[in-house]
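Remarks on the structure that follows.
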Amino acid sequence: MTARRIIGPLSALGFVGSVIAANYVTTRYGFIPVGFGLTATAGTLAAGFALALRDATQDAWGRKAVLAVIVIGAGLSFLIADPFIALASAAAFLLSELADFAIYTPLRQRSTLGDRRWAAAVVASNTVGAIIDTAVFLGIAFGAAAIMPGMVGQFVGKGWATVVYLIAGLAVSHLVSRKSVNA
């Protein structure tokens, strides 16, 4: 119960912050290098963290809370980002969240934080979510012609964020299991 009280608000705030940051930096800086000679929108890394943080929010608070957090993040984005960027982001996160529900939720039900099934749920849902998020976002924000050239760079940028989230989840799982053994 205590973990839900801590992880829920932190992941929800992190999710909203990631969405706002992604939209702000994309509006301000456009495209940036993400490694391997590829470029992506400046908000790609933050959007990748949002994909992971929505999973943590769902684990702590459930699906309805995730949808509420998406609406809050989208609404706040309209205050600080270009309207096309905010609209593209809202549509992309909503559609990728529906895919996440279809993939992450059933896989996550049969896993524990830090185990292989949890990691598979995160990787599978973030992969599909990143593809949908990228195609929808680039299509609305920059036009259909931007989707294919930007897809690989966006995917790499969001992949970096997923790797960080996996490492954090494994570390938290390890710490929790050590505390249980020592208690």
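The values are calculated or read from the model by the stated rules, or taken from the named source; none is laboratory data. Predicted model only: the values in this text are computed from it and were never measured. Positions of Cβ are generated from backbone atoms using ideal geometry, with glycine treated the same way; all protein chains shown enter the neighbour counts.
The numbered conditions (1) surrounded by fewer than 22 Cβ atoms within 10 Å (Cβ to Cβ); (2) more than 19 Å from residue 57 (Cβ to Cβ) are all true for residue 134 except (1). Would you check if there is a residue in segment 1-10 being crowded, with 22+ Cβ neighbours inside 10 Å and either touching a residue at least 24 places away in the same chain (Cβ under 8 Å) or aromatic (Phe, Trp, Tyr) (or both)? No: segment 1-10 contains no residue that is crowded, with 22+ Cβ neighbours inside 10 Å and either touching a residue at least 24 places away in the same chain (Cβ under 8 Å) or aromatic (Phe, Trp, Tyr) (or both).
Please specify each residue of segment 70-84 satisfying the condition of being of a type outside the set (Ser, Thr, Tyr), at pLDDT below 90 and either part of a helix (DSSP H, G or I) or over 25 Å from residue 151 (Cα atoms) (or both). Correct list: 70, 71, 73, 74, 75, 76, 78, 79, 80, 83, 84. Do we have residue 65 as small (Gly, Ala, Ser), touching a helix residue (DSSP H, G or I) at 6+ places or on another chain (Cβ under 7 Å) and buried (at least 22 other Cβ atoms within 10 Å of the Cβ) here? Criteria not met by residue 65. Right, residue 168: in a helix (DSSP H, G or I), over 19 Å from the mean Cα position of the chain (by Cα) and surrounded by fewer than 16 Cβ atoms within 10 Å (Cβ to Cβ) or not? Judged against the criteria, residue 168 is not a match. Scanning segment 104-128 for residues that are of a type in the set (A, V, I, L, M) and either in a helix (DSSP H, G or I) or under 16 Å from the mean Cα position of the chain (by Cα) (or both) gives 107, 119, 120, 121, 122, 123, 124, 128.
Per the listing 50, 40, 46, the residue uniquely of a type in the set (Gly, Ala, Ser) and not in a helix (DSSP H, G or I) is 40. For segment 1-31, enumerate the residues that are over 19 Å from the mean Cα position of the chain (by Cα), farther than 19 Å from residue 153 by Cα and of a type in the set (Ser, Thr, Tyr). Answer for segment 1-31, where residues must be over 19 Å from the mean Cα position of the chain (by Cα), farther than 19 Å from residue 153 by Cα and of a type in the set (Ser, Thr, Tyr): just 2. Scanning segment 33-59 for residues that are over 15 Å from the mean Cα position of the chain (by Cα) and touching a residue at least 12 places away in the same chain (Cβ under 8 Å), which turns out surrounded by the most Cβ atoms within 10 Å (Cβ to Cβ)? Taking the candidates together, the pick is 40.
Could you list, in sequence order, the residues of segment 74-115 that are surrounded by fewer than 22 Cβ atoms within 10 Å (Cβ to Cβ), β-branched (Val, Ile, Thr) and touching a Gly at 6+ places or on another chain (Cβ under 9 Å)? 103 - this is the single residue of segment 74-115 that is surrounded by fewer than 22 Cβ atoms within 10 Å (Cβ to Cβ), β-branched (Val, Ile, Thr) and touching a Gly at 6+ places or on another chain (Cβ under 9 Å).
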